[in-house]
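Q: Sharing a structure below in structure tokens format, with a few things to ask.
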């Protein structure tokens with residue numbers, strides 16, 4: 001059931017480690033330890049693990065926001081940290097909290113990524129409007145973030161990520177701060193949009209149910225971030241097999 | 001997906017009443033001070049408490065007399081030039097300090113030292129070091145407001161949300177775009193506050209600078225009134241500066257109200 005490394009991987013991590021603090025000292029903290037991971041184009045990978053297992057560190061290294069201490073990180077064949085600017089418009093992130101710029105209206109927040117791509121203003125507005133409408137926020141374009149509910153703000157941040165039409169989506173527990181019914185609705189919407197637009201997505205979560213619902217592959221991490229379990233499945237995977245996977249994940253996590 | 005954020009719409013009459021109340025409350029302190037002064041003018045000699053009617057006519061005279069009004073404009077120009085100079089230099093220093101700990105470690109003690117030097121000392125230094133009157137005053141204005149501007153911009157840069165910064169970075173902005181979409185709007189509230197605070201300081205310092213080293217301006221005119229023992233004149237010239245400060249503060253508040261309309265307002269005040 002596990003994925004082997006492939007040369008045409010959308011995301012490729014090889015022997016990746018990340019140590020915070022000075023290596024070799026008492027204060028050094030190894031968050032990721034020799035991780036190997038490949039994500040195929042179009043795959044929806046759910047990275048599952050307990051709090052503090054290094055999920056966010058892996059996320060930041062893939063996003064190019066953190067440099068690995070050792071090993072190789074490649075996204076579409078390039079180093080996301082060293083070739084930071086070359087990923088402009090090619091990678092989008094949905095964070096745990098909405099991270100909307102408070103001084104921008106909902107539509108201006110969605111336009112943010114498009115501005116970085118020098119898209120003309122009229123085209124930006126049309127695209128942002130389209131995504132806000134798709135996510136059920138028609139009529140709230142000119143509202144400032146403080147006037148929107150938590151669910152609405154998170155939808156704006158999803159619209160912001162999709163608006164740039166990036167091939168790779170990175171999501172860091174984007175629905176964890178929402179109530180269960182809103183989260184379930186947004187999750188379903190999110191999966192539909194990812195599939196419709198054929199994105200490669202890495203989705204961080206600490207919820208087994210969420211990982212099962214979203215991912216077509218689940219990687220369970222143990223602290224310091226190493227792969228403890230790696231499983232792929234699809235729409236044909238039967239209920240019994242899914243239950244088996246679920247209970248296996250539970251065992252790995254509680255081990 | 002039909003969530004809504006409910007928002008109560010107050011009646012226009014209630015809004016008008018609230019605005020009138022706010023206006024009344026802000027005008028009331030001035031009315032009280034004016035009444036007390038005018039009352040005192042009935043019992044004290046003119047050189048101590050002149051009637052405010054006299055002061056009003058003197059103000060009008062300053063406004064209508066070209067050469068007198070030129071003195072007011074000269075002082076205003078000196079204040080604005082000094083503040084602009086200090087803001088530009090302070091902003092650049094703050095940027096360097098936020099980018100490099102070594103620069104921060106080097107400049108912070110120097111700026112703290114500058115903060116401890118009285119404005120009058122800078123006036124004396126400027127008179128000894130420089131010849132040109134305008135450059136002296138510019139130098140004094142910059143040196144007295146530079147530390148505050150630098151520390152305020154530095155604080156604003158350091159106080160920017162790391163999460164928002166990371167989010168903007170994830171879109172790989174150019175430096176110019178990062179500044180435009182993130183840094184400038186994030187630090188604008190602190191910059192406006194810095195301008196408000198420094199404006200008051202600068203208007204006090206400019207008078208000292210002009211009093212000692214200038215041949216024109218509000219400070220110079222105040223010196224003339226002191227020599228003539230003319231309290232009405234001294235008040236009228238002082239009021240020119242007060243009017244200027246109030247007008248600029250009003251403009252800054254207007255900018256705040258427009259630029260920061262995105263801010264949520266709690267119904268219960270502090």
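Condition check ((1) assigned to a helix (DSSP H, G or I); (2) in contact with a strand residue (DSSP E or B) (Cβ under 8 Å, 6 or more places away or on another chain); (3) within 22 Å of residue B:249 (Cβ to Cβ); (4) in contact (Cβ under 8 Å) with a residue 24 or more places away in the chain) across all residues:
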| residue | (1), (2), (3), (4) |
| --- | --- |
| B:61 | yes, no, no, yes |
| B:87 | yes, no, yes, yes |
| B:120 | yes, no, no, yes |
| B:125 | yes, no, no, no |
| B:128 | yes, no, no, no |
| B:141 | yes, no, yes, yes |
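Q: OK, next. Would you point out which residue out of B:157, B:146 is over 23 Å from residue B:234 (Cα atoms), touching a helix residue (DSSP H, G or I) at 6+ places or on another chain (Cβ under 8 Å) and surrounded by 21 or more Cβ atoms within 10 Å (Cβ to Cβ)?
A: Going through B:157, B:146 in turn, the sole match is B:146.
Q: For segment A:128-140, which positions are closer than 18 Å to residue A:113 by Cα, over 22 Å from the mean Cα position of the chain (by Cα) and either within 14 Å of chain B (Cβ to nearest Cβ) or surrounded by 20 or more Cβ atoms within 10 Å (Cβ to Cβ) (or both)?
A: A:133
Q: Another question about this same structure. For residue A:58, are the conditions met, namely being in contact with a helix residue (DSSP H, G or I) (Cβ under 6 Å, 6 or more places away or on another chain) and on the phi < 0 side of the Ramachandran plot?
A: No: the conditions fail for residue A:58.
Q: Also, I was wondering about something else. When you go through (1) crowded, with 21+ Cβ neighbours inside 10 Å; (2) facing chain B (nearest Cβ under 9 Å); (3) touching a helix residue (DSSP H, G or I) at 6+ places or on another chain (Cβ under 8 Å) one by one for residue A:102, which number turns out not to apply?
A: (1)
Q: May I ask you to verify whether residue B:119 is within 20 Å of the chain's Cα centre (by Cα) and within 14 Å of another protein chain (Cβ to nearest Cβ)?
A: no
Q: May I pose another question? Quick check on segment B:212-219. Is at least one of its residues part of a helix (DSSP H, G or I) and either free of Cβ contacts under 8 Å to residues at least 12 places away in the same chain or more than 23 Å from residue B:141 (Cβ to Cβ) (or both)?
A: No.
Q: Could I ask something else about it? On the given criteria, is residue B:181 touching a residue at least 60 places away in the same chain (Cβ under 8 Å) and touching a helix residue (DSSP H, G or I) at 6+ places or on another chain (Cβ under 8 Å)?
A: For residue B:181, the condition - touching a residue at least 60 places away in the same chain (Cβ under 8 Å) and touching a helix residue (DSSP H, G or I) at 6+ places or on another chain (Cβ under 8 Å) - is not met.
Q: Another question, then. For segment B:130-139, which residues satisfy the criterion of being without any contact (Cβ under 8 Å) to a residue 12 or more places away in the chain and in a helix (DSSP H, G or I)?
A: B:135
Q: Name the single residue that is surrounded by the fewest Cβ atoms within 10 Å (Cβ to Cβ) among those in segment A:171-203 being free of Cβ contacts under 8 Å to residues at least 40 places away in the same chain and not in a helix (DSSP H, G or I).
A: That would be A:179.
Q: Those residues that are at the interface with chain A (Cβ under 7 Å from one of its Cβ atoms), part of a helix (DSSP H, G or I) and over 9 Å from residue A:99 (Cβ atoms), I need them from segment B:160-176; list them, please.
A: Hit for segment B:160-176 is B:169, nothing else.
Q: Look at segment A:78-105 and say how many of its residues are on the phi > 0 side of the Ramachandran plot and at pLDDT below 90.
A: The number of residues fulfilling the criteria is 1.
Q: Now, a different point. Would a scan of segment A:204-223 turn up a residue that is modelled with pLDDT of 85 or more, more than 19 Å from residue A:96 (Cα to Cα) and assigned to a loop (DSSP other than H, G, I, E, B)?
A: yes
Q: Output the number of the condition that residue A:125 fails; it satisfies all remaining conditions of (1) at the interface with another protein chain (Cβ under 9 Å from one of its Cβ atoms); (2) outside any loop (DSSP other than H, G, I, E, B).
A: It fails just one condition, (1).
Q: OK, next. Looking only at segment A:157-190, count how many residues are within 12 Å of chain B (Cβ to nearest Cβ) and over 27 Å from residue A:39 (Cα atoms).
A: Here the count works out to 4.
Q: Then there is this: When you scan segment A:106-122, do you find a residue that is closer than 15 Å to residue B:167 by Cα, modelled with pLDDT of 90 or more and in contact with a strand residue (DSSP E or B) (Cβ under 9 Å, 6 or more places away or on another chain), even just one?
A: yes
Q: Next up: Residue by residue through segment B:23-59, note down the ones that are out of contact with any helix residue (DSSP H, G or I) (no Cβ under 8 Å at 6 or more places or on another chain) and not in a helix (DSSP H, G or I).
A: Hits for segment B:23-59 are B:42, B:43, B:44, B:45.
Q: Every residue in segment B:186-204 that is within 11 Å of chain A (Cβ to nearest Cβ) and either touching a residue at least 60 places away in the same chain (Cβ under 8 Å) or surrounded by fewer than 17 Cβ atoms within 10 Å (Cβ to Cβ) (or both), please.
A: Hits for segment B:186-204 are B:188, B:189.
Q: Working carefully through the options A:43, A:96, find the one that is out of contact with any helix residue (DSSP H, G or I) (no Cβ under 8 Å at 6 or more places or on another chain) and either away from chain B (no Cβ under 12 Å) or crowded, with 22+ Cβ neighbours inside 10 Å (or both).
A: Sole residue among the options that is out of contact with any helix residue (DSSP H, G or I) (no Cβ under 8 Å at 6 or more places or on another chain) and either away from chain B (no Cβ under 12 Å) or crowded, with 22+ Cβ neighbours inside 10 Å (or both): A:43.
The values are calculated or read from the model by the stated rules, or taken from the named source; none is laboratory data. Bear in mind that the values here come from a model prediction, so they are computed numbers and not experimental data. When we count neighbours, we look across all protein chains shown, and the Cβ atoms used for this are built from the backbone with ideal geometry, even at glycine.
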